[in-house]
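For reference, the structure discussed in these notes is given below.
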Amino acid sequence: MRDHLIIFDTTLRDGEQSPGASMTKEEKVRIARQLERMGVDVIEAGFPAASNGDFEAVKAVADTIKDSVVCGLARAIENDINRAGEALCGANAARIHTFIATSPIHMKNKLRMSPEQVVEQAVKAIKWARRYTDNVEFSPEDAGRSEINFLCRVLEAVIDAGAKTLNIPDTVGYTMPDQFGELIRTLRERIPNSDKVIFSVHCHNDLGLAVANSLSAVINGARQVECTINGLGERAGNAALEEVVMAVRTRQDFFPCDTRIDTTHIVPASKLVSGITGFPVQPNKAIVGANAFAHESGIHQDGVLKHRETYEIMRAEDVGWGANKLLLGKHSGRNAFRSRLKELGIEFESEELLNTMFVRFKDLADKKHEIFDEDLHALVSDEVQTPEEHYRLLSLTAHSETGETPFARVVIAAGSNELHAESEGSGPVDATFRAIEKILHSGAELQLFSVNNITSGTDAQGEVTVRLQKSGRIVNGQGADTDIVVASAKAYLSAFNKLYSRLEKAHPQV
Ligand code: KIV
Ligand code: ZN
C-alpha cells in the first residue's frame, strides 16, 4: 500500500492574499465546491479573525462542504482561535490551523517575544484550539529561517500539547530543495514524539522553488503538501497544486505515495479560479497553461503523431483538458440545464433565478452553437455578481471603423432609472469605459483590463476582467459575452458594483 499524500488547498486563504485576488463569500463557496469535487483532503477556507467577511465566508464553506475537511487559520491567540472555532462549528470535519513565528528575525522584530514566550504561547494555543476540535495543525512561521534546535523544541512541545499536523512553512521562499528536504528529515529524526504527527509543508515561490521544495520534503517524509490552484498566493505565490499532484502521479516510480485527487477536475478548477480572481494563467504554465500540451515544432508533432509518449509524459485529458464535454445546446431543456449546473456544483436559491439563467443560456445558445462547462460558469458569474439593486448594462452601441474615431453609446439601468451616455475613445472599449464613467463618476483607477477566450474558436465567449482601485480598495469584475466590447462593459459595471456593494469582501485588501 502506498502512503496517502494529503492535499491541503489554501487557495481561499493564502491564495486570496495575492493583491487584487480577494473573493466574495459566494465566490469562495463555488471554488470550495470544485475543490471538494476534485478530492482535495483539506480546504483552508480563510482567516476568520481577519474580518467579518472572512468569518462569514469560512462559515459558509464549512456549512456547505461535506467531503473535505474545512480549515480556518488563527494566530496563536485565544481570540483568533475562538473566531476560527465559531466559524467552523457547522463543518462535517473541521481543523484549526494555528501559527506563531519561530525565526530569530520574526521573534525579535515582529513579535518582540523571547523564544521561551513563543514556546509557551504555542502550547497554550494548541490546548485552546482543542476545546473546539482534536484536528489541530500548528505552523512555526518562517521555519525555513528558524534555528533547528529551537524548532525541534517548539515542535516537540506542541505535539505533547495535542497538535496532529506539523506544517513547516518556508514563509519567504528562501530555502533550496536539498536543504528543505534535509530539514524535514532532521525534524522527523530528532523530535522524539515525531511519529505521533503528520509532517506538512507550505512553500512560497519567491525563488521559483515552491514545488521543488515541496516535492523534496515529500521524498523526506512529509505527507501533507499545502498548495494553491495556479500557484496563487502571497507575493510570488505558493506551490501550485496541479504541479505537485501531477508530479507525484506521473512519477509513481519515484514517490512512495499518491494523492486521492481526481485529476480530470484540475483544468476546470484552474479556469474557475482564474476567472473569479482575474489572474490569467500564463500560456506556458505547466499542466494548466493553454500551451502545456501544444506541440509546435514539426519534429515534435511528427513524433507525437507516430507515438504519443515520444514527447508527452501526461495525457491532456487526464488533467481535464477537453473534459468540458459539449453537453448542452440550443435544444436542451430546462432540466438538462439544471442537472448540468448541479453536476458543476451550482445550485440556485430560487426557481426565478434558475429561469433567468435559462433565458440567458438560450440567448447564448442562439449565438454560439456549442455550450461548454466554462460557458456555464461564466454565465453564472455574470448573473450572481450583479445583484438587482446595482447598475446593469441595458444596451451598448460601439462603432469602430478604420480612419474614424471610435465611439460608444451606453444605456445603463440603475434601479428603475435608465441612464444614457456616449463618448469617443481611442478604441471601442476605451470609448465604452469613458461613456460608462460619464454616468458613474466613480473616479476609480483602472488597474487591469484583460481579455481571455473562454473556449476556443472565434464564436467563443470572451471573458474580460477589470480591476478597479479606489481609496485603497481593490476589486475585480468579470463579464462574459461573445462580443468582447459588451463583455468589457459588463466587467466594468461588475467591478463598480463590487466597489460600492454592501457585500463585504471576504478579505478586504487595503
Ligand atoms: O507562509 C506562511 O508562513 C503561512 C503560514 C500562516 C502557514 O502562510
Ligand atoms: Zn503562506
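Would you confirm whether any residue within the stretch 27-47 is away from ligand 2 (no atom under 16 Å from the Cβ), in a loop (DSSP other than H, G, I, E, B), under 24 Å from residue 467 (Cβ atoms) and over 10 Å from the mean Cα position of the chain (by Cα)?
Checked the stretch 27-47: no residue is away from ligand 2 (no atom under 16 Å from the Cβ), in a loop (DSSP other than H, G, I, E, B), under 24 Å from residue 467 (Cβ atoms) and over 10 Å from the mean Cα position of the chain (by Cα).
Given the stretch 167-250, what helices (runs of 4 or more DSSP H) lie entirely inside it while holding 3 or more residues that are within 27 Å of residue 277 (Cβ to Cβ)?
Output list reads 210-219, 241-250.
Just one of (1) in contact (Cβ under 8 Å) with a residue 60 or more places away in the chain; (2) closer than 22 Å to residue 395 by Cα; (3) in contact with a strand residue (DSSP E or B) (Cβ under 9 Å, 6 or more places away or on another chain) trips up residue 459, so point out which.
With (1) in contact (Cβ under 8 Å) with a residue 60 or more places away in the chain; (2) closer than 22 Å to residue 395 by Cα; (3) in contact with a strand residue (DSSP E or B) (Cβ under 9 Å, 6 or more places away or on another chain) applied to residue 459, the lone miss is (3).
When the residues of the stretch 165-193 are narrowed to those that are away from ligand 1 (no atom under 11 Å from the Cβ) and among the β-branched types (Val, Ile, Thr), which ends up nearest to residue 230 (Cα to Cα)?
Result: 175.
How many of the residues in the stretch 167-216 are in contact (Cβ under 8 Å) with a residue 60 or more places away in the chain and more than 21 Å from the chain's Cα centre (by Cα)?
Total satisfying the criteria: 1.
Taking the condition within 16 Å of ligand 2 (Cβ to nearest atom) and not in a loop (DSSP other than H, G, I, E, B), does residue 150 pass?
Judged against the criteria, residue 150 is not a match.
Just the residues that are touching a strand residue (DSSP E or B) at 6+ places or on another chain (Cβ under 6 Å) and over 16 Å from residue 94 (Cβ atoms), please, taken from the stretch 126-140.
Residue satisfying the conditions is 139 alone.
What are the pairs, 6+ residues apart or on separate chains, where a residue within the stretch 12-29 that is open to solvent by 10 Å² or more (accessible area, probe 1.4 Å) has its Cβ under 7 Å from a residue that is in a loop (DSSP other than H, G, I, E, B)?
Cβ pairs passing all conditions: 13/47; 17/233; 17/234; 19/509; 24/503; 24/505; 24/506; 25/506.
Go through the stretch 161-207 and report how many residues are farther than 20 Å from residue 125 by Cβ and within 16 Å of ligand 2 (Cβ to nearest atom).
So the count comes out to 12.
Filter the stretch 92-119 down to the residues that are within 16 Å of ligand 2 (Cβ to nearest atom) and assigned to a helix (DSSP H, G or I), then identify the one that is surrounded by the fewest Cβ atoms within 10 Å (Cβ to Cβ).
Among those that are within 16 Å of ligand 2 (Cβ to nearest atom) and assigned to a helix (DSSP H, G or I), it is 110.
Taking the stretch 4-21, which residues are away from ligand 1 (no atom under 16 Å from the Cβ) and within 15 Å of residue 274 (Cα to Cα)?
Within the stretch 4-21, 20 is the sole residue that qualifies.
For every residue, the table says whether it meets (1) open to solvent by 30 Å² or more (accessible area, probe 1.4 Å); (2) in contact with a helix residue (DSSP H, G or I) (Cβ under 8 Å, 6 or more places away or on another chain); (3) aromatic (Phe, Trp, Tyr); (4) modelled with pLDDT of 95 or more.
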site	(1), (2), (3), (4)
267	no, yes, no, no
279	yes, yes, yes, no
282	yes, no, no, no
285	no, yes, no, yes
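Among the residues that make up the stretch 41-50, is at least one of them farther than 25 Å from residue 261 by Cβ and open to solvent by 40 Å² or more (accessible area, probe 1.4 Å)?
The answer is yes; a qualifying residue exists.
For the stretch 51-75, which positions are at pLDDT 95 or above, part of a loop (DSSP other than H, G, I, E, B) and open to solvent by 10 Å² or more (accessible area, probe 1.4 Å)?
The answer is 66, 67.
Checking residue 142 against (1) within 25 Å of residue 206 (Cβ to Cβ); (2) in contact with a helix residue (DSSP H, G or I) (Cβ under 8 Å, 6 or more places away or on another chain); (3) more than 16 Å from ligand 1 (Cβ to nearest atom), which test does it fail?
Every condition holds for residue 142 apart from (3).
Can you give me the number of residues within the stretch 295-354 that are open to solvent by 40 Å² or more (accessible area, probe 1.4 Å), modelled with pLDDT under 75 and among the hydrophobic types (A, V, I, L, M, F, W, C)?
Total meeting the criteria: 3.
Specify the residue that is least open to solvent (accessible area, probe 1.4 Å); the eligible residues are those in the stretch 194-228 that are away from ligand 1 (no atom under 16 Å from the Cβ) and not small (Gly, Ala, Ser).
Result: 218.
Failed condition for residue 165, given (1) within 22 Å of residue 69 (Cβ to Cβ); (2) surrounded by 16 or more Cβ atoms within 10 Å (Cβ to Cβ); (3) in contact with a helix residue (DSSP H, G or I) (Cβ under 9 Å, 6 or more places away or on another chain), with all others met?
(3)
The values are calculated or read from the model by the stated rules, or taken from the named source; none is laboratory data. Quick caveat: nothing in here was measured; it's all calculated off a predicted structure. Ideal geometry is used to build each Cβ from the backbone, glycine not excepted, and the neighbour counts take in all protein chains shown. For accessibility, only protein heavy atoms count, side chains too; no ligands or nucleic acids. Shrake-Rupley method; radii C 1.70, N 1.55, O 1.52, S 1.80 Å.
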